[in-house]
Structures are given as C-alpha cells and as structure tokens.
1. How tilted is helix 69-82 with respect to the longest principal axis of the chain? Cα atoms for both, answer in degrees (0 to 90, nearest 10).
2. Assuming a ≥ b ≥ c are the square roots of the Cα gyration tensor eigenvalues, decide whether segment 66-177 counts as rounded (a/c under 1.5), prolate (otherwise, with a/b larger than b/c) or oblate.
3. Considering the dipole of the chain built from charges on the beta carbon (Lys and Arg +1, Asp and Glu -1) around the Cα centre, which of Gly121, Asn32, Ala176 is farthest to its positive end?
4. What's the angle, to the nearest 10 degrees (0 to 90), between helix 172-199's Cα axis and the longest principal axis of the chain?
5. Counting only helical runs of four or more DSSP H residues, what would the 222 nm mean residue ellipticity of the chain come to if each run contributes -39,500 (n - 2.57) and the total is spread over all its residues?
6. Could you sort out which of Lys5/Lys27; Lys119/Lys163; Lys29/Lys193; Lys27/Lys81 sit more than 19 Å apart by Cα distance in this structure?
7. To make sure I understand, if each residue's beta carbon is the centre and we count other beta carbons within 10 Å, what order do Glu183, Glu141 fall in, fewest to most?
8. Between rounded, prolate and oblate, where does segment 1-124 land on the alpha carbon gyration tensor, with a ≥ b ≥ c its root eigenvalues, rounded for a/c under 1.5, else prolate if a/b exceeds b/c?
Amino acid sequence: MTNHKTRIAVFCSGTGSNFEAIFNHIKNKRLNAEIALCLSNRAQCGAMEFAKHNGISTVQISEKQFESFDDFAFAMIKCLKDQNIDNVLLAGYMRKVPEAVVTAFPDKILNIHPALLPKFGGEGMYGIHVHSAVISAGETESGATVHFVNEEYDKGRILLQRKVPVLADDTPETLAARVLECEHRLYPEAVEKMLSEQQS
Ligand code: GAR
C-alpha cells in the first residue's frame, strides 16, 4: 500500500452528473484519491460549475484554441503533467482524446459508455444517439460500461459493466434516464476497483 493520494482529472462536456457521483463517492468513502482537475472543451457547463463550487481547479481546453491537433494534444498533456495527474476519467466528454494523451497515460484513462459494449459503441455513438440505436435495434436490455481508453473509440479493456432492461414503451429519453441512474452507481465502483488495483 502506498501513501500517495491518487490525483484524478475528470474530463466533461455537459451536465456532469457522473462527475458528481464520483466526487461524492471518493469523499464519503474517504478513498485515497482526490479529484484535482476538471477539464472541459466548454467554458461553461454543469460539470465546470460543480467543480468551481467544490474548489476543484478547472481548465477549458479545446482544439479550436490551437493551430494544429498536435499542439492541442501537447497542451493537454502539459496541463495533466503540470497538475501531477495520475488518472483521467472521461465523464460525458464528447470529444476524442488525442492518441498522444492515451500514449502518455497508458491504462490510466477510464471512460463510461451508456450501452453494453462492444455493442452500440464507436464514432457517432454518444449520448441520446446510443439509446435511439438500442431501441431501433429492438434490444430488450441495455446498460452501462466502464472501460479503459485506448486509441480506438470504445474498444479498450472493459473494467465493469451492468445491465438495465429496455421496456416496450421506452423512448430514448426514458432509457437514457434509467441507464444514467445505473451509471451513477457503476462509475464510482469502477473507480474504486481501478484504485485498489493500482494501489495494492
Ligand atoms: C452519460 O450517459 C455518459 O455515459 C454519456 O454522456 C452522459 C453524460 O452525462 N457519455 C457518452 O455518450 C460518451 N460516449 P453526465 O454529464 O450527466 O455525466
């Protein structure tokens, strides 16, 4: 067991309800970790507001601020290294993480996806699009998956997965709400699992 407190950066683009669930879990269970940074492509969103209210450093960084994608990736890595970040959690981050960042943090980045990967993953499969596709395909179950991030969209090693039913009268919105509730329990558990594997 090491005494080092794991420093986590959470990447978000929207509401940040998963971020909030993870933050509360770490605080309530007194895990040997802290959320040190909230990084977003958007200057204003629920996640950034939550971070500011809870004294967590925030940074807005987006490709648009840079001349090239490589410059963007370099700035992202510098920001993470400057803050001594150990792990990154993607929580509703609607951008692809540059490959150079994945290479700089091998097996250190987790993502939550609102479906049962490997089904309904890949480019264009995010947010409500995922739930629409699940319903259109006539699936009777969906769920959430927490996986390590590699250079391919939604293809990294699965850490935890949990199912929820798809009901006959579900709309993408009602299914999204059921999956999100599941995510709020699953992601904190997955973070705890990752930390215990890393810290033992
Ligand atoms: C969550 O359902 C998450 O799984 C999904 O966006 C939502 C973010 O909600 N992520 C993706 O679709 C990424 N492919 P939140 O901002 O309230 O945590």
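Just so you know, all these numbers are worked out from the coordinates, no wet-lab data involved. No experiment lies behind these values; they were computed from the predicted model shown. Neighbour counts run over all protein chains shown; Cβ positions are idealised from the backbone, glycine included.
1. 70
2. Values: a/c = 2.82, a/b = 2.18, b/c = 1.29.
Note, shape of segment 66-177 comes out prolate.
3. Among Gly121, Asn32, Ala176, the one farthest towards the positive end of the dipole of the chain is Asn32.
4. Its long axis makes an angle of about 40 degrees.
5. -12000 deg cm²/dmol
6. Values: Lys5/Lys27 13 Å; Lys119/Lys163 13 Å; Lys29/Lys193 13 Å; Lys27/Lys81 24 Å.
Table pairs above 19 Å Cα-Cα are Lys27/Lys81.
7. Values: Glu183 26, Glu141 10.
Fewest-to-most Cβ neighbours within 10 Å comes out as Glu141, Glu183.
8. Details: a/c = 1.32, a/b = 1.21, b/c = 1.09.
It comes out rounded by the Cα gyration axes.
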